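Comments concern the structure below.
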Amino acid sequence: MIERVMSLLLAVVSLFSLAVPASADGGEDIAAAPTVAEEPAENLEPDAAEEPAESLEPDVAEGPTESLEPDVAEGPTEDLEPGLPPENVIPNGWHELGGKWYYYLGGEPVMDDWIVDEGRRYHLNGSGEIDAGWCQIDGATYYLNGQHDGYYGAAVLGWKQLGGAWYYFDPLTNGAMAADTWQPDGNGMCYLGEDGKMVTGFMELDGETYYLFPTGKTNGTRATGWQKIGGDWYHFANDGTMTVNAWQPDGNGMCYLGGDGKMVTGFMVLDGATYYLQESGKRVGTKVTGWQEIRGAWYCFDASGAMITNDWAADGGNLCYLGEDGRVLTGWQTIDGVTYYLCERHNGSFGARSVRPTYIKGQMYMFDTDGSLVTGTQVRLLGKTWNVDEKGVIVGYLTDTSAQAAAVLNQVGWTLRSAFNWSVGLTYYNRALRAPSGTIHSDFYANYGFQNRRGNCYVMACTFYQMARLLGYEVYFVEGHVANSRGGKGADHGWTEIVQDGTTYVYDPNFTNEMGLNGFKIQYGQRMTWRYQYYQRVA
């Protein structure tokens, strides 16, 4: 300020010095000079002697005071000295002084205040210099443009990426930085932390967990719905809060989110019940119901998904028993003091309790309709009365035919399909072969087939019948006819029926042998099969 005052005073002195004709180079000034030289005494002395005070006082004391005081009092700056022309007052607006920018109003620099210029806000500090970059002003944080792009120092508004992080400067608060708050960004809701930086990744807030996308178009916006993060599935409610310790549907079924928010897979114990959540596939994470084979063992889950343990469960028309660990029990089992045999073969009836004569390791055992082992009594089967010993074995029931059927199964495998394929493979022979009167047809034809490895439709049907019976199926040997091309009564024919889950299916080895078409587990009236008629179950 002092330097400016001195400069202005020097300017005034220069103006006064220009009025003195001290040089002969001035042309017209030289002509005026003699007047002063010819009458020095008369012109000067009186003035100096008679009215020294009156001539000087007005010029020096009174003149300048009267002309400068209004300027100083009314002028725009304190820098102006008496006599300074009004046109030298610093105009309003921006001025660069010493490489720094100031803003003047009324000849004075604005200090420690905001100004608005062309719709943009700028801040001048206590020295009048324009602020730029990060600034703390009246308890709020601002970012003022630090680029010399024509708007240096202008307050930034809206979203701005600085130093690799995103910030939001709220236009409603004239650019004050938002912090500890949610803020929309056009793609969703973002959260600005205590330092103003946009948060990404998992975030804990008021006891809730959120996930803010770290990359992509939705960078920083909170997740909703199902999201796969780091290889695990999570679920977020519509307000972005992470679902924990709760069931949640996913379009395929019900899933469970644990305490860490991750979708649970595999076995899970919850409120004393055990559940199984799919571990792979399209339905990963969804709880299962009904019968499920899991890692080589069979389990059953009720309608709520809870695993059944220490109880019976229906499997179609069969009953199976689930143990303490939920697995299907097999083999000989004593349950509530009653002896049962639960099928050990994986033939579609795995784990099912036996409710008919069952071939078990070289012996034929008798079971009641409730599956309990029958002992020490007599039973009537196939038109004959049989003794049952104290172990439940039907004495004499395992005929030579049953033994031969067991031998074949030992060779080809104890499955229904392998038994069927063996009977289909017999060489067709002697269409006219019929069981003699008084014989058990199923035994006669089966013995012929096992011994000769050939035979007609009856032989093929009965060898399969004997093996299916040993496998524990509800199987019947059937004799009847197949319709001719005109739909009338055709040729004599023999086949088998098996009742599964309350439905009767036809198993016809000869049909497959002769026609090359599927005769395994077909139904009456099915297309591409024979038309069976006038038939009855023989054994």
Within the bounds of segment 64-79, is there any residue that is surrounded by fewer than 11 Cβ atoms within 10 Å (Cβ to Cβ) and modelled with pLDDT of 60 or more? no
For K160, work out the one condition from (1) of a type in the set (D, E, K, R); (2) over 30 Å from E118 (Cβ atoms); (3) over 20 Å from the mean Cα position of the chain (by Cα) it doesn't fulfil. (2)
Conditions (1) more than 18 Å from G480 (Cβ to Cβ); (2) buried (at least 16 other Cβ atoms within 10 Å of the Cβ); (3) among the small types (G, A, S): number failed by G425: (2)
For segment 119-134, indicate whether the set of residues that are closer than 30 Å to F213 by Cα, loosely packed, with under 12 Cβ neighbours inside 10 Å, touching a Phe, Trp or Tyr at 6+ places or on another chain (Cβ under 9 Å) and modelled with pLDDT of 95 or more is non-empty. yes
Report every pair of residues separated by at least 6 positions or lying on different chains whose Cβ atoms are under 8 Å apart, first residue within segment 198-216 and over 15 Å from Q227 (Cα atoms), second among the charged types (D, E, K, R). none
Q227 versus (1) open to solvent by 30 Å² or more (accessible area, probe 1.4 Å); (2) touching a Gly at 6+ places or on another chain (Cβ under 8 Å); (3) not in a loop (DSSP other than H, G, I, E, B); (4) not basic (K, R): which is the lone unmet condition? (2)
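Please enumerate the residues belonging to segment 330-346 that are at pLDDT 90 or above and surrounded by 18 or more Cβ atoms within 10 Å (Cβ to Cβ).
Restricting attention to segment 330-346, the residues satisfying the condition of being at pLDDT 90 or above are 330-342.
Of everything in segment 330-346, those that are at pLDDT 90 or above and surrounded by 18 or more Cβ atoms within 10 Å (Cβ to Cβ) turn out to be T330, Y340, Y341, L342.
Across segment 297-324, what is the total count of residues that are assigned to a loop (DSSP other than H, G, I, E, B) and loosely packed, with under 13 Cβ neighbours inside 10 Å?
Taking segment 297-324 as the starting set, the residues that turn out to be assigned to a loop (DSSP other than H, G, I, E, B) are 302-306, 308-310, 316-317, 323-324.
Okay, now just the ones that are also loosely packed, with under 13 Cβ neighbours inside 10 Å, so 303-304, 310, 324.
Qualifying residue count, segment 297-324: 4.
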Confirm whether F267 is over 30 Å from Q183 (Cα atoms) and at pLDDT 95 or above. yes
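Do any strands (runs of 3 or more DSSP E) entirely within segment 347-406 hold 1 or more residues that are out of contact with any Leu (no Cβ under 8 Å at 6 or more places or on another chain), open to solvent by 50 Å² or more (accessible area, probe 1.4 Å) and among the β-branched types (V, I, T), and if so, which?
Per the criteria, 377-381, 384-388.
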Applying the selection to segment 160-206, what residues are touching a Pro at 6+ places or on another chain (Cβ under 8 Å) and either open to solvent by 30 Å² or more (accessible area, probe 1.4 Å) or not hydrophobic (A, V, I, L, M, F, W, C) (or both)? T200, G201
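Pick out, from segment 408-524, the helices (runs of 4 or more DSSP H) lying fully within it that include 1 or more residues that are within 59 Å of the chain's Cα centre (by Cα). Reasoning before the result, please.
Values: elements: 416-424, 441-452, 457-470, 509-515.
Helices (runs of 4 or more DSSP H) meeting the threshold: 416-424, 457-470, 509-515.
Applying the selection to segment 95-118, what residues are at positive phi and at pLDDT below 95?
Initial filter on segment 95-118 (at positive phi): 98-99, 106-107, 112, 118.
If the condition is that a residue be at positive phi and at pLDDT below 95, then G98, G99, G106, G107, E118 are the ones that fit.
In the list G326, G351, G376, which residue meets the criterion of being over 25 Å from L416 (Cβ atoms) and either touching a Cys at 6+ places or on another chain (Cβ under 8 Å) or among the hydrophobic types (A, V, I, L, M, F, W, C) (or both)?
Values: G351 fails: over 25 Å from L416 (Cβ atoms); G376 fails: either touching a Cys at 6+ places or on another chain (Cβ under 8 Å) or among the hydrophobic types (A, V, I, L, M, F, W, C) (or both).
Of the residues listed, the single one that is over 25 Å from L416 (Cβ atoms) and either touching a Cys at 6+ places or on another chain (Cβ under 8 Å) or among the hydrophobic types (A, V, I, L, M, F, W, C) (or both) is G326.
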Output the number of residues of segment 525-539 satisfying the condition of being in a loop (DSSP other than H, G, I, E, B) and loosely packed, with under 15 Cβ neighbours inside 10 Å. 5
Identify, please: which residue in segment 468-509 is among the small types (G, A, S) and open to solvent by less than 10 Å² (accessible area, probe 1.4 Å) and is, among those, modelled with the highest pLDDT? G494
So the check is Cβ under 7 Å with 6+ separation or different chains; which pairs have a first residue in segment 250-266 that's in contact (Cβ under 8 Å) with a residue 40 or more places away in the chain and a second one that's of a type in the set (S, T, N, Q) and buried (at least 18 other Cβ atoms within 10 Å of the Cβ)? M254/T286; G261/T243
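Taking only segment 287-296 into account, find how many residues are β-branched (V, I, T) and open to solvent by 50 Å² or more (accessible area, probe 1.4 Å). Reasoning before the result, please.
Taking segment 287-296 as the starting set, the residues that turn out to be β-branched (V, I, T) are 288-289, 294.
Those still in the list that are open to solvent by 50 Å² or more (accessible area, probe 1.4 Å) too: 289.
Final tally of qualifying residues: 1.
Could you please find all residues in segment 140-159 being in contact (Cβ under 8 Å) with a residue 40 or more places away in the chain and either among the small types (G, A, S) or buried (at least 17 other Cβ atoms within 10 Å of the Cβ) (or both)?
Pass one, segment 140-159, residues in contact (Cβ under 8 Å) with a residue 40 or more places away in the chain: 141, 152-153.
Once the filter is applied, which keeps residues that are in contact (Cβ under 8 Å) with a residue 40 or more places away in the chain and either among the small types (G, A, S) or buried (at least 17 other Cβ atoms within 10 Å of the Cβ) (or both), segment 140-159 yields T141, G153.
I'm checking my understanding of the structure. Among residues of segment 397-411 that are closer than 25 Å to N387 by Cα and among the polar types (S, T, N, Q), which one is modelled with the lowest pLDDT?
Step one: filter segment 397-411 for residues closer than 25 Å to N387 by Cα, giving 397-407.
In the following step, the residues that additionally are among the polar types (S, T, N, Q) were identified as 399, 401-402, 404.
Details: T399: 71, T401: 88, S402: 85, Q404: 90.
Among those residues, the one meeting the criterion is T399.
Assess whether F213 counts as being among the hydrophobic types (A, V, I, L, M, F, W, C), modelled with pLDDT of 95 or more, more than 30 Å from D250 (Cβ to Cβ) and open to solvent by less than 70 Å² (accessible area, probe 1.4 Å). Working first, answer last.
Values: among the hydrophobic types (A, V, I, L, M, F, W, C): yes; modelled with pLDDT of 95 or more: yes; more than 30 Å from D250 (Cβ to Cβ): no; open to solvent by less than 70 Å² (accessible area, probe 1.4 Å): yes.
No.
The values are calculated or read from the model by the stated rules, or taken from the named source; none is laboratory data. The model shown is predicted, which means the values in this text are computed figures rather than measured ones. All Cβ positions, glycine included, derive from the backbone under ideal geometry; neighbour counts span all protein chains shown. Just the protein is used for accessible areas: all its heavy atoms, side chains included, with ligands, DNA and RNA removed. Shrake-Rupley method; radii C 1.70, N 1.55, O 1.52, S 1.80 Å.
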